[in-house]
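J.: This structure is in structure tokens; I'll ask about it shortly.
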Amino acid sequence: MSQDAKKPRTEPVAHAGPEHFQKQANRAAELEQAQPAEALKIYESLVHSPELTDDKLKEIAIIRAAELYAKAGHSKEVSKLLVAVRPFFNSLSKARTAKIVRLVLDAVSKVPGSVKVQVDLCKECIEWAKEEKRTFLRQRLETKLASLYIQTKDYNLSLALLAQLLKEVKKLDDKPLLVELHLIESQVHHSLRNIAKAKAALTAARTHANAIYCPPPLQGEIERQAGMLHSEESDFKTAYSYFYEAFETFNGIEDATNALVALKYMLMTKIMTGHPEEVQGIISGKVALKYAGRDVEAIRRVAAAAKQRSLKDFQATIDAYPHEIRDDKFIDRSLTQLYETLLQQNLVRLIEPFSVVEISHVAELIGLPKDLVEQKLSQMILDGKFQGILDQGSNQLSVYDEPKLSSMYQTGLDSIDNISKVVDSLYDKMGLLRS
């Protein structure tokens, strides 16, 4: 055998072509569920491969890699990924770059407890957008940052940023962005309990939304915000209709997270309107059944407690579902209001048969601490819920019958009103004589 025959043959290595990269992407997609770590390695190789010239495929790899990092809870790795692909953004249009950055930020937002990371990432990207003079991207990143400030409770920072953005965007007449900005502004004022300004901002958002095609997710958020503001004014019937529209919108686009929130708010408004018996019928419906879980079960038990007017069951439900109830500000505020109503109704029902009763006996009947009952009874007397006196020395509550107003009081008020009109008339005539 010749020496040439002994040498191993070396085949020329072919450069990876488009089909190779497409196969890699398909392979990664198949591995996402069963082997996410392997899928992530493939996506990373596609993202960093200088031979991959298909911008669309690289864009998909960036977004999928960010989502896998987010699912694994590695929010900082998403930040590094976004920094690493900035040279790639130079070959894309500004609108397309903005879309990718926003999708990556949305992936980070799915990581629990990543709000601070999102804020830092937004600030970093904003500085980069300013350096690259990408105004379109900067404005959308600042909009995202303003909404994140609500979660971190930096309301003043959010309002300052929104004021600057609104001034800038109004000159450009970018109505889609104006809708988002006014909606966030409404949410900030709502968090600050300034309902008048929150309603004004929401009206501005609706006005701009009516002039354009409003994307379903944004329309759903507007409807939900409207429902929350009507609930603040105790107009729960109107609030229910808005929450229903929001639920239909989110369910239609298969946004399970927001649809569940809208469904919970729908159920709460039914309870607040005094119709807790209707809750079971709603959650048993075909559409609502797929959202069954601890969140819906918590509201169902609240409805059952409200129907029975049982404070004990009500408190037991709050203790059993603290995360589902306390973590949502709207649900928490509504339940606090409902608890106060139930407590007042139960106290009035218990003291109704008595003219004089010991406070400790009332506390024993209702199953609450004596100090709490005493404080609540005192508040109810001051609010005019019933007539009575608390005697702390003897630990007794004296209940009086409702005083009957004599017709003489109304006659006196009518006389004073007539005299006032006569004086006003004389004053006007004196003014004419002087002129």
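Throughout, read-outs are computed from the coordinates displayed, never taken from laboratory work. Not measured: the values here are computed from a predicted model. Heads up, the Cβs are rebuilt from the backbone with ideal geometry, glycines too, and the neighbour counts pull from every protein chain shown.
J.: Most exposed first by the Cβ proxy, i.e. fewest other Cβ within 10 Å, how do Lys307, Lys264, Lys56 rank?
T.: Fewest-to-most Cβ neighbours within 10 Å comes out as Lys56, Lys307, Lys264.
J.: Suppose the chain between Glu30 and Glu364 were pulled fully straight at 0.36 nm per residue; how much longer would it get relative to their current alpha carbon spacing?
T.: 113.9 nm
J.: When the label point is put 7 Å from the Cα of Val83 along its Cα-to-beta-carbon vector, which residues of region 92-120 have a backbone N closer than 19 Å?
T.: Only 101-102, 104-109, 114-120 pass the distance filter.
J.: Answer with one residue from Ala84, Phe243, Ala305: the one whose Cα lies farthest towards the positive end of the charge dipole of the chain, charges on Cβ with Lys, Arg +1 and Asp, Glu -1.
T.: Of the listed residues, the answer is Ala84.
J.: Could you tell me the relative contact order of region 106-197? Use alpha-carbon pairs under 8 Å, at least six residues apart, and round to a whole percent.
T.: Reported as a whole number, the value is 22 percent.
J.: So how do Met266, Met380 line up by other beta-carbon neighbours within 10 Å, fewest first?
T.: Placing the least packed residue first, the sequence is Met380, Met266.
J.: Over region 260-414, calculate the relative contact order: mean separation of alpha carbon pairs under 8 Å at least 6 apart, over the residue count, as a percent.
T.: 15 percent
J.: Still on this model: Would you mind telling me which residue in Gln344, Gln225, Gln35 has the biggest mean-square fluctuation in a Gaussian network model of the chain, where springs connect alpha carbons within a distance under 10 angstrom?
T.: Gln35
J.: While we're looking at this one, here's another question. Calculate the dipole size of the chain relative to its Cα centre from +1 charges on Lys and Arg beta carbons and -1 charges on Asp and Glu beta carbons; express the result in debye to the nearest 20.
T.: 1420 debye
J.: Here is a follow-up. With an 8 Å Cα cut-off and a minimum separation of 6 or more residues, compute the relative contact order for the chain in percent.
T.: Once divided by the residue count of the chain, the mean separation gives 5 percent.
J.: Relative to the longest principal axis of the C-alpha atoms of the chain, give the angle of the C-alpha long axis of helix 175-191, reported between 0 and 90° and rounded to the nearest 10°.
T.: 50 degrees
J.: Candidates (1) 130, 72, 42; (2) 80, 51, 42; (3) 80, 48, 39; which is the computed Cα extents along the principal axes in Å?
T.: Comparing each candidate, only (1) matches the computed number.
J.: Separate question: Can you put Phe136, Phe236 in order, fewest other beta carbons within 10 Å first?
T.: Ordered from fewest to most neighbouring Cβ atoms within 10 Å, Phe136, Phe236 come out as Phe136, Phe236.
J.: While we're here: Can you tell me how much longer the chain between Lys130 and Lys286 gets when fully stretched, taken as 0.36 nm per residue apart minus their C-alpha distance, in nm with one decimal?
T.: The span from Lys130 to Lys286 would gain 51.2 nm if fully extended.
J.: Same structure again: Using a Gaussian network model of the chain with C-alpha springs under 10 Å, which one of Arg102, Arg349, Arg300 is most mobile by mean-square fluctuation?
T.: Arg349
J.: Next up: Can you tell me how much longer the chain between Leu382 and Thr273 gets when fully stretched, taken as 0.36 nm per residue apart minus their C-alpha distance, in nm with one decimal?
T.: That works out to 36.7 nm of additional length.
J.: Projected onto the charge dipole of region 62-195 (+1 at Lys/Arg Cβ, -1 at Asp/Glu Cβ, origin at the Cα centre), which of Leu177, Leu145, Ile195 gives the Cα projection farthest towards the positive end?
T.: Comparing the listed Cα positions along the dipole, Leu177 ranks first.
J.: Which of His361, His230, His74 moves most in a GNM of the chain, Cα contacts under 10 Å?
T.: Per the Cα network of the chain with a 10 Å cutoff, His361 tops the list.
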